[in-house]
Amino acid sequence: MMKNEPHYRATLVYSYPSELDNVESEKVKVDDNDPSTVIEHVKRLIRTLRPDCALTNLLLELWDLAPKTIPNDPIKFPFKTYNPIQRRMMRDIDPMSIKSWSSSRVVLLGDASHSMSPILGLGANNAIQDADKLSQALLKYSDDNIPFIEEYEKEMLKRTSADVLKSRNVTFMTSTPLGPFGVIIRDNILKVINVMINFYSFADNLIFKN
């Protein structure tokens, strides 16, 4: 890889109930200083928690691509902030505690500007929309139209703020310990939310096409 070539970086995350660590520890030793053991641990959990299907196989293949040792080659791994694969407790960060930024020569999109939990899959969808809106904004650039970046950022913040809070609330719902009846109620609420999201998405597309 040449120094002037673009470098791409991806983050793999898999969340699971922390009590499963105790169950797995009886079978095999997981060392957070050894990425290979963490990767195998995650793959076992994926096989245990997910049905045998094409998507499960894809997830397993993705984890096989992750570095099984801590990279020390600055050419292949040029990112100074590379974080080795480890188990980490999920932390909640209040979105309202983050100060807003001002427009500058640096433009943010995706998780860099509106990080979300992976539960609802809204982060990837919003990142794609960010890229689309930013590319449209860049096409409007001219010496007389410098504020186009500010317009993109205002639209992006307005569009994603509700999804950030929605994703955070659902994460709380799914991570809170519940009894058997609570699990039934929670799962049905999530099903209703999923139906509503799909309905509104269908309605938006229908209105947009017409």
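The values are calculated or read from the model by the stated rules, or taken from the named source; none is laboratory data. All figures in this text were calculated on a predicted structure; none of them were measured in a lab. Cβ: placed from backbone, ideal geometry, glycine included. Neighbour counts: every protein chain shown.
Taking the residues in segment 124-166 that are touching a residue at least 24 places away in the same chain (Cβ under 8 Å) and of a type in the set (S, T, Y) as candidates, determine which candidate is surrounded by the most Cβ atoms within 10 Å (Cβ to Cβ). My answer is T160. Could you look through segment 8-59, keep only residues that are at pLDDT below 75 and either hydrophobic (A, V, I, L, M, F, W, C) or in the same structural domain as T171 (by TED's automatic domain parsing) (or both), and pick out the one that is surrounded by the fewest Cβ atoms within 10 Å (Cβ to Cβ)? My answer is A10.
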